[in-house]
Amino acid sequence: MSEIIIKNVSKRFNKQLVLDNINMELTSGHIYGFAGINGSGKTVLMKCICGLTMPTSGSIYVDGKQIGKDIDFPESIGALIETPGFIEYYNAMDNMRSLASIKKITTEEQIIALLEKVGLNPNEKKKVKKYSLGMRQKLGIAMAILDNPNIIILDEPFNALDKKSVSNVKDIILGLKTDNKLVILSSHDGVLLEEVTDKIYEIEEGKIVGGKN
């Protein structure tokens, strides 16, 4: 069971205010959507939750621990934010093995099953540098959920996916909710967000301007 509490979070880059007094309470067993155009602040907010960038003011608590004070990063989190970081001269299987060797809790069988789940062939020898955008997106999703984290953050997970793959990723996301995970998604496609989320926060120029349950 996880909980994220965001209190009065603002973020400036130089003089530009990109997050403006954000307040949220997010809990396990729910899927939350961040909706807004590019530059609205969605990705910056996700980075703040992950501990990848610190708010200029305000605080973020994950399971009662303040990011940047009690812990640097949430203890059980998987994220796909902006361009995923891959070892370009490895194939998908070797990229997953490399990450699993750091985590030390994932078996070879689990890696194979996860790659198949996202629609990638675990026997594919092609190096990641030759992957299409859609293949990269699938691998990024697989790496985000590799070690069964309690919190999953996916920034535009449907980008570059064909219709069949979008449907598959939707099923994966809904399965995470069934497993009582706390899931945060962003998308410029409001229809897709409405199909999978329990609550949508509409973000515009760094402010929450609306929400849908």
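Could you say whether any residue in the stretch 144-151 is part of a helix (DSSP H, G or I) and either open to solvent by 10 Å² or more (accessible area, probe 1.4 Å) or of a type in the set (Gly, Ala, Ser) (or both)? Explain how you work it out, then say what you get.
Of all residues in the stretch 144-151, those part of a helix (DSSP H, G or I) come to 144.
Those left that are additionally either open to solvent by 10 Å² or more (accessible area, probe 1.4 Å) or of a type in the set (Gly, Ala, Ser) (or both): 144.
Yes.
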Please work out which residue is least open to solvent (accessible area, probe 1.4 Å), limiting yourself to the stretch 162-173 and to residues that are over 19 Å from Ser28 (Cβ atoms) and within 16 Å of the chain's Cα centre (by Cα).
Val169
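Residues of the stretch 13-33 being hydrophobic (A, V, I, L, M, F, W, C) and surrounded by fewer than 17 Cβ atoms within 10 Å (Cβ to Cβ), which ones?
Step one: list which residues in the stretch 13-33 are hydrophobic (A, V, I, L, M, F, W, C), which gives 13, 17-19, 22, 24, 26, 31.
Passing the criteria: Phe13, Leu17.
Does Lys127 count as surrounded by 14 or more Cβ atoms within 10 Å (Cβ to Cβ), farther than 23 Å from Lys164 by Cβ and of a type in the set (D, E, K, R)?
Working: surrounded by 14 or more Cβ atoms within 10 Å (Cβ to Cβ): yes; farther than 23 Å from Lys164 by Cβ: yes; of a type in the set (D, E, K, R): yes.
Answer is yes for this residue.
Taking the condition of being over 25 Å from Lys11 (Cα atoms), touching a residue at least 40 places away in the same chain (Cβ under 8 Å) and open to solvent by 30 Å² or more (accessible area, probe 1.4 Å), how many residues in the stretch 195-213 meet it?
Here is the first cut: in the stretch 195-213, the residues over 25 Å from Lys11 (Cα atoms) are 195-198, 213.
From the residues that got through so far, the ones that are touching a residue at least 40 places away in the same chain (Cβ under 8 Å) too are 196-198.
Checking which are open to solvent by 30 Å² or more (accessible area, probe 1.4 Å) leaves us with 198.
Adding up the residues that qualify gives 1.
The values are calculated or read from the model by the stated rules, or taken from the named source; none is laboratory data. Treat the numbers as computed from the prediction; the structure is a model and nothing was measured. Positions of Cβ are backbone-derived with ideal geometry, glycine not excepted, and every protein chain shown enters the neighbour counts. Each accessible area value is taken on the protein alone, full model and side chains, heavy atoms only, with ligands, DNA and RNA left out. Shrake-Rupley method; radii C 1.70, N 1.55, O 1.52, S 1.80 Å.
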